[in-house]
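Visitor: Let me begin by handing over the structure; questions about it come next.
No value in this document is a laboratory result; all are computed from the given coordinates. Since the model is a prediction, treat every value here as computed from it, not as a measurement. We place every Cβ from the backbone using ideal geometry, glycine too, and count neighbours over all the protein chains shown.
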Amino acid sequence: MMEKELLNCYKEIDYLRDQLIFRSKEVNYLNEHLHDLEFKLAESRNLEEEVNSLRDELCMSKSEHLLLLQELESKEIELQCSSLTLEKLEETISSLTLESLCEIESMKLDITALEQALFDAMKIQEESIQEKDQLKGIIEESQFQSQRAKENVKYIEKQNEDLREKFTASEKSIKDFFQSTKERLESEDEQPLNAMCFFAELSHVLPVSNEVRNCFDAIMKKLELSQNVNLIDKVEGMGKQIHQHEDVVKQLKEELKQEKLKAKEEAEDLTQEMAELRYKMTCLLDEERNRRVCIEQASLQRISELEAQIKRDVKKPASNEMLPLPGL
């Protein structure tokens, strides 16, 4: 629009210059014609009225010449104003374009940072998934060990119950056997106790190995069974050892129960940690997604504002500073 107006101004200036030249030629022609008329007037007084009319035309031509000069000056001033306005608009557009480019580069950097943050978040998510798989394997292993521990506990409880029943029956039989043996030892009418007979009777209530049999036979050869009370104490000591073994079994059972509870607590802690980690990762991804959407919306809004401002800056000087061309 401005360029068209400038071209019109240039054309009008050329037209005025042509008119000025034409008028100048016309003035020269009139001057020459005036001289001719004066010369003719000198020759003839009848041409005086024509000379006066020509003088009037000359005055009018001079007036038109002055008007054309003033109009030419006004057009030159308008042309200068238009040039200044155009320069200002170009500077404004350049500054706005530079500002827009700077903001676009800043937005690109922000988007790059967001992409890097998203990449880091995805990497953390992958690591968390790997850790989750590892923890899942640990939990499965713990559950498998816990299941095996339960089976072992059941097996040990069953064995313990069988041993308890056998021990109760054996303890009763041993007490009866020891009581009868003690009565035989204390009785003076009874014959001395033979080791073979002792083991024959003992084998009915409690199995005895060959090593125990040989050791007991060696002891019986050195000591008289009728006067040896320490043997009874030793047999009672064996009963105490059986009780001690039962206590050890109970202790092992208690330790196994504690290990089972500990494994269960560790599995619950791992499950809770995985749930917390999953919640944190979800929150982090939501925050990054919302932040990226906000930045994109702000960028689009800012670009729209800059485009609207550029359009207003281009239209406003063109409507306020350009003057209409007179005489067109």
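Visitor: Going by Cα centres, the range 78-133 and the range 278-303 are how many Å apart?
Guide: That distance is 16 Å.
Visitor: Could you work out how much longer the chain between E307 and I104 gets when fully extended? Use 0.36 nm per residue separation minus the Cα distance between them, nm to one decimal.
Guide: 71.8 nm
Visitor: Here's a follow-up. Cut-off is 10 Å between beta-carbons; in what order do C283, C9 appear when sorted fewest neighbours first?
Guide: With the sparsest Cβ surroundings first, the list reads C283, C9.
Visitor: Mind checking the full-extension length gain between A117 and D286? Use 0.36 nm per residue of separation minus the Cα-Cα distance, one decimal, nm.
Guide: 59.6 nm
Visitor: If we count every other residue with Cβ under 14 angstrom of Q125's Cβ, Lys/Arg +1 and Asp/Glu -1, where does the sum land?
Guide: Every neighbour counted, the sum reads -3.
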